Structure formats: C-alpha cells, structure tokens
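Before any comments, here is the structure.
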Amino acid sequence: MYEATDRYRSSFLDPASGLLRPDLLEERACPVCGDSAQHKLFVKGGGQYVRCASCSMVFLNPVFKDAALADYYRHNTAAQAAAHGSEEAFYRRIYGAGMDLAQHHVRRGDLLDIGCSGGLFLDVARERGWKTFGIELNEQEVVIAESKGHQVWNAEIGALPTERRFALISLWDVFEHIKDGVGYLRALADRLAPDGAVFMQIPSADSLAARVMREHCNVFDGLEHVNLYGQATINQAAQRAGYDVLAIESVIDELKPLMNFLAYEHPYQGSFKPQPGLDFLKPELLHQRKLGYKMQVLLRPR
Ligand SMILES: [Zn+2]
C-alpha cells in the first residue's frame, strides 16, 4: 500500500527539482493570523514548510490550489479502512479517549463524523449511546460504514439538508488537511445544535517528536498535512472562527520513534530498544506538558 502511495505522490512532483509541481501551487499568508511574514523551516516530500513570523503557525507554503488538492484526493485510492483493520485495538482506545473528553461537555445526541472512513469510530460512538451519521468521500468506505447501519453521505458537508443539526461533529485526523481551517470552522457552526460542539484530533506542532525530528517526523508529509497547529495556534484559530476551546488533551507519546531517532536509527523502522540515559522521557511526563504527538480538542461556538 505504501509503495503505491509513493508512486502516486511522485506523479505530483517536478522531476527536475524534486519539489511539488509549480503549476499546481499557490502562495498564501498565514492561515491563522493572516500575516505574510514567515520563516522557511524545511522541505519534506517536495513540500516547503514555513513558520509564521507573527503567530508561530507551521504550514505548507506554497500549497496545492484547491482544484489540485481535490483532484489529488479524488484519485488517491489508499483506504483508511485497511489501516483500521490491522490496528483496531489502538484505534478503539484513542476513539474512546476522545469520546470521554466530548461526553464531559456535550449531552449525547446526533453525532456527525466527517471523514468517517469504514465507520470504526461511529461503531464506538453508537456503543456509547450516540445516534451516528458520517460523511465520507471514498465510495468503498461508504459501503463498509453503511453495511454496519450508520447513515453516511457521500458528499461534502455543504450538500447535507440545511435543517440538519448535530450535538457533536467530529474530525479525526482531518482538520490538518483543510487549508482554510478558520473558514471551515465558521461553516460548521451552522451545523451544530444548541450547546453542540466540535471535536477534533490533530497532529501537534508542539509535540516533542515533531520539534526534535522535524522533517523526519511523520507529522510532516509535504502535501496532505497543510496546517500544523500547536496549542496557541489552534486556540487563536478557534477564537477567530467564533469558538471557545473547552479542552485540549495531549495523546500518543510517540516515544518509540523518538528513541530510535535519538539512537541515530531510522525512527519508524527496526525494533524499538530502550535508550539508557533517556528513560526520564516517560509518557506521563510528555502528556502533562502537552508534548504528545497529537491533540484532542473540543470547541464550542461562543
Ligand atoms: Zn500567523
């Protein structure tokens, strides 16, 4: 699956420069604060990551034009459902943590999962008493989720009936793919029931793994992950979109790849060996300081 993905992605690269094809790209200002001043960080997979000089947001710039990005996803057949199959226990645990966070603030009702894939998160939500709905653009995954009894739209959220409102809208590893996150959040507010909330899990630019490993960290892919938020920048994006942040939790320590990297090994290959002298790096310590690989964030319109 990964080789096919690499081949597919390389068709969007300029063979001479190794960078993304210039005809597909556009320059942009900071997606959070709008400032145009930025510092270059590094190139990963042909894409240039930069950091906003004003608010510290990390983002891809230049970035695919909207039409090019839509075209990229339309023809990309790598299915998330396959990944779910091999690591179901991991996903169930992380989905359960997200539900715990949401249920602390939101009363059970209708739940819409955007990018619901084969519906594994919807299964977990239904087991906890939610009425489950999904949006998924991959037709094969729609079929899988529907076969389990979830109602799924094979369309963008704008195509849903306007009177439809949800107590909770969830975005698992989706929001970092959206170029105009602030605009997207504003649109989602119209889809929430009174006292409804938006839940998201996103990779964290604050994470120790991202900050130490930089372009060697899987958070950065150079094409799909267009916006990498940290605690401060997701808070600022939420405020600009008219939301308050109810909670931010740090999840996934990512210590194994980090330890491998600190042992001069490939972070994601080979077996994990504990590193003497680095045993002070413990999961609890990382999460207390919000240095985990991903953040789970709950937002409510003001
Ligand atoms: Zn900024």
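Observations on the structure shown:
- Residue identified as open to solvent by less than 20 Å² (accessible area, probe 1.4 Å), in contact with a strand residue (DSSP E or B) (Cβ under 9 Å, 6 or more places away or on another chain) and touching a residue at least 12 places away in the same chain (Cβ under 8 Å) among L112, L120: L112
- The set of residues in the stretch 123-163 being surrounded by 15 or more Cβ atoms within 10 Å (Cβ to Cβ), more than 24 Å from A189 (Cα to Cα) and in contact (Cβ under 8 Å) with a residue 40 or more places away in the chain consists of N138, E141, I144.
The values are calculated or read from the model by the stated rules, or taken from the named source; none is laboratory data. Being a predicted model, the structure only gives us computed values, none of them experimental. Because the Cβ atoms are built from the backbone with ideal geometry, glycine has one as well, and the counts that use them run over all protein chains shown. Accessible surface is based on the protein model in full, side chains and every heavy atom, while ligands, DNA and RNA are left aside. Shrake-Rupley method; radii C 1.70, N 1.55, O 1.52, S 1.80 Å.
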